[in-house]
1. For A:I266 and A:L452, compute 0.36 nm times the residue count separating them, minus their Cα-Cα distance, and round to one decimal in nm.
2. Hey, in the GNM for chain B with a 10 angstrom Cα cutoff, which one of B:I34, B:I84, B:I71 fluctuates hardest?
3. Would you mind calculating the relative contact order of chain A from Cα pairs under 8 angstrom and at least 6 residues apart, reporting the percent as a whole number?
4. Taking the Cα centre of region B:7-99 as origin and charging only Cβ (+1 Lys, Arg; -1 Asp, Glu), how large is the dipole, in debye to the nearest 20?
5. Report the local net charge at A:G64: Lys and Arg +1, Asp and Glu -1, summed over other residues whose C-beta lies under 14 Å from its C-beta.
6. Describe numerically, in nm with one decimal, the distance between label points set 7 Å from Cα along Cα→Cβ at B:I20 and at A:I27.
7. In peptide B:6-15, what is the residue-averaged number of other protein chain Cβ atoms found within 10 Å of each Cβ?
8. Taking the Cβ of A:I234 as the centre, find all other residues whose Cβ is under 15 Å away and add up their charges (Lys, Arg: +1; Asp, Glu: -1).
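What follows draws every value from the coordinates through simple rules; no lab data is involved. The model shown is predicted, which means the values in this text are computed figures rather than measured ones. Quick reminder, even Gly has a Cβ in these numbers, built from the backbone with ideal geometry, and neighbours come from all protein chains shown.
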Amino acid sequence: MNIDSFLLMRHEILLLAIVLLLIVAEIFINQNKKGSIVHLAIFLFGIHTIVGFFAIDESSLFGGMFRTNGLIHFFKNILNIGVLVLLLQSADWLQEKIVQHNRGTEFFILMFSSLLGMYFMISSGDFLMFYLGLELSTLPVAALAAFETTKRISSESGIKLILSAALASGVSLFGISLLYATTGSIYFNDIIEVITSTNLSILGLVLFFAGLAFKISLVPFHFWTADVYEGAPISIASYLSVISKGAAVFILMILLFTVLKPLMHIWENMVYIIAIATMFIGNLFALRQQNMKRFLAFSSIAQAGFILLGIIEGNQLGVTTVVYFVLIYVFSNLAAFGVVQAISLQTGKENMNDYEGLYRTNPKLSLVMMLALFSLAGIPPVAGFFGKFFLFTAAASKGYYLLVFLAVVNVTISLYYYLLVIRAMFLRQSDHAIPFFKNKLYMRLGLIITVLGILILGLYSPLYDYIFELSSNFN
Amino acid sequence: MIEGISIYEILTLTSILFFIGVYGFITRKNLISILISVELILNASVVNFVVINKYLYPDVLQGVYFSLFIIAVAAAETALAISIIINLYRQISSVEVKDIETMKY
């Protein structure tokens, strides 16, 4: 093994180096200058994001346990951008609440370790690497959810997340062991050649799918979502709903489309039913939420249901639409969570009623929120419309017209509750509206990037063709 | 390989173990017991891997080393869960499920 092959793991090695560097910096930075660790971490991660854009060869390492190609590389860059925006948005919260208790470095180390786990998970070439990546990406997030140790709801959300995640990974592991029993290998490339549709392998598929469905919060497995989002710090809720969900969707899609392709006639039906249930339950429960974090949690459950419409296609078109949708979803959801975080940081208010009259006092923030919600709902000029439109095309190309019809019904329902927030901000007047406040530089930068992403992705179509080209090996 | 015991008996045992774990996870009212139930599920899959490797595919040791990794990761998971439970206990002096439902629906 030489240096060239190690450079294939450039993302992972750089991120690991950043984690180690932050540990060293924690020791050497002066006690009364601890705030500078936030700047240092964001600066290092910014460099990491830029370096990540350089092209990478298609190859595999460690006897096929680790593999990388254009699509995986592209998706890692999406995750990088998402985490960078997230760090920019949570920098002020870190400075005010966390750094003074001397815990800033822990936050970054845990978050970067979790991201490292996601890298390994999405470029895994066998089930062992996949499992280790899954665990490495979940455990630090549970610690982060319980990060505000003095708050009761933060600890509650942490314990709910860790227990659900442990159950999910246990169920998933049992499924993997059954798949191993039928095929005699844990390497994806070996499994593809021998897997057939027997009762045992179908049971393995179902259990394995259930484990990942927990991570994506599809419907029978979604109960932890709203509670964890409400209790955890907002940046962690945002991380869970954007980055963690995106990575899990990606690897689930890759595995279903390659390794478990011979069982497609089974998982098609599963995905069909779960998609309908997820969309309806996510949307109907979102209708009655008052807390913005719970509201966004149920909205993100419903979005996961829409993503399944792309997965059910099972070919190149499905991969393209799902990756494109996740890219748009990252920006829209980060914008929505960013605004919630800005308001919560300044005033401590998180309820929908508190947003009444926001347009009169904080017009820019409410415009950002409006764009984000329009994009999540799928209203034409912004990017979200195209994401949803392509997903529906993917499902329709396979002849699932009823599913597409139900999805359109759900888009209408979701439009209603997204407009509730917009009505509160723009039409309602309130005597105790949130007073005007000015965001700090990092938060403004984070919001501007998301707005640019929402607007540009909707108008710049070559990106879709680029993803389509990258996913050409799924046929 | 154990004399006189076929793979069916052992796989039945692990399946029963798995479902006891799932049942316990759903019905138990104490956080520590829930954690123990999760451990049962994980151990069921550990035994599964070892047995399948030994009985069906004895020439390559993939299942055995997979089980080693599961044991290590399960330990990390338990440590983290216990630490969160301890932190919760400091605040509410209880590890019962009924006391951690301030957030609902």
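1. Gain on stretching A:I266 to A:L452: 62.9 nm.
2. B:I84
3. 15 percent
4. 220 debye
5. Overall, the nearby charge balance is -3.
6. In this crude spin-label approximation the distance works out to 4.7 nm.
7. 1
8. It works out to a net charge of -2.
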